[in-house]
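Each remark here refers to the structure printed beneath this line.
The values are calculated or read from the model by the stated rules, or taken from the named source; none is laboratory data. The model shown is predicted, which means the values in this text are computed figures rather than measured ones. Note that each Cβ is placed from the backbone with ideal geometry, even for glycine, and that neighbours are counted across all protein chains shown.
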Amino acid sequence: MEAFNLIEGEFTSDEALEILMNLINEKIRFHEVQSLTKMEMGIPGLEKHHERIAYLKKTRTRVKEIIEQSKKNKNQVTLNAEVTIKF
């Protein structure tokens, strides 16, 4: 197992929003492409991708709300994101 700290630090609200939206939007695109590919090839497992897309869209909405609140309060935003790789 190995872990990588991909996001760490304090950011302005705008910077934090950009980082998080890019990450979430890319994950949504990934699942949309995977879903489309499976659908075209007749491979089962579309539900997993649809559920993940729905979750990510809800997360995106909530993240926007949180960042907007920090922006109104003129707060810095601390972000930490670790990725762990196991096999």
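The set of residues in the range 50-87 that are of a type in the set (A, V, I, L, M, F, W, C), over 16 Å from the mean Cα position of the chain (by Cα) and either assigned to a helix (DSSP H, G or I) or surrounded by 14 or more Cβ atoms within 10 Å (Cβ to Cβ) (or both) contains only 77. Summed over the range 1-17, the residues that are outside any strand (DSSP E or B) and under 19 Å from residue 83 (Cα atoms) give a count of 2.
Listed by first and then second residue, the pairs with beta-carbon distance under 6 Å, at least 6 apart or on different chains, first residue in the range 35-47 and in contact (Cβ under 8 Å) with a residue 12 or more places away in the chain, second assigned to a helix (DSSP H, G or I) and surrounded by 11 or more Cβ atoms within 10 Å (Cβ to Cβ), are 35/46; 35/49. Going through the range 34-87 one residue at a time, which ones are at pLDDT 95 or above and of a type in the set (A, V, I, L, M, F, W, C)? Selection gives 53, 54, 56, 63, 66, 67, 77, 79, 81, 83, 85, 87. Among the candidates 8, 26, the residue that is acidic (Asp, Glu), under 20 Å from residue 67 (Cα atoms) and touching a residue at least 24 places away in the same chain (Cβ under 8 Å) is uniquely 8.
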